[in-house]
1. Within the range 9-29, does at least one residue satisfy the condition of being modelled with pLDDT under 90, assigned to a helix (DSSP H, G or I) and over 30 Å from residue 114 (Cα atoms)?
2. What's the number of the only condition in (1) outside the structural domain of residue 113 (by TED's automatic domain parsing); (2) modelled with pLDDT under 90 that residue 69 fails to meet?
3. Answer yes or no: is there a residue in the range 35-50 that is small (Gly, Ala, Ser) and either touching an Asp or Glu at 6+ places or on another chain (Cβ under 6 Å) or under 23 Å from residue 113 (Cα atoms) (or both).
4. Cβ-Cβ distance below 6 Å, separation of 6 or more or different chains: which pairs start in the range 1-28 with a residue that is at negative phi and end on one that is among the aliphatic types (A, V, I, L, M)?
Amino acid sequence: MGSDEILDDLHIRILRVTEDLRSIQQQLNCAAMQAPNDPELMEALCQVPEMQSLQVLKGAVDQMRHFLWFYMQVMSNDPEMGENLRQGLSQASGKAAAPKSKTSASAVLDIAADVAMLKHLVESKHRKPN
């Protein structure tokens, strides 16, 4: 598969996932609006499987949000910020590789994103406002 095909597939998949997320949000919004007037619906929405699936979705969306922020910063035209993020990621990877540590790749990305955000916030305090 060529790079153009890979990018086209990725673009189509992003559009599909974006539409799915919008649809899920609409359905949850409708359920939230109807639930106060429908005790059966309220009970069904509060069941363990539904709450667990929402927690899984929330975790995946949070992870993706962190990763996309990181990715966009690295790919931006600011090479210094990209290098700081890469260093934060390598430091976080070093901490994750400590003995008896079973940190997932997503946790490493979360740590790197947090490190980068903190560095950015500290640096931005010393900048003049626009």
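The values are calculated or read from the model by the stated rules, or taken from the named source; none is laboratory data. A quick note: this is a predicted structure, and the numbers were derived from the prediction, not measured. No Cβ is skipped: glycine too gets one built from the backbone with ideal geometry, and neighbour counts run over all protein chains shown.
1. Going through the range 9-29, the residues modelled with pLDDT under 90 turn out to be none.
For the range 9-29, residues modelled with pLDDT under 90, assigned to a helix (DSSP H, G or I) and over 30 Å from residue 114 (Cα atoms): absent.
2. (1)
3. In the first step, residues of the range 35-50 are kept if they are small (Gly, Ala, Ser); the result is 35, 44.
Restricting the remaining residues to those that are either touching an Asp or Glu at 6+ places or on another chain (Cβ under 6 Å) or under 23 Å from residue 113 (Cα atoms) (or both) gives none.
Scanning the range 35-50 turns up no residue that is small (Gly, Ala, Ser) and either touching an Asp or Glu at 6+ places or on another chain (Cβ under 6 Å) or under 23 Å from residue 113 (Cα atoms) (or both).
4. Once the first residue is at negative phi and sits in the range 1-28, no partner that is among the aliphatic types (A, V, I, L, M) comes close enough.
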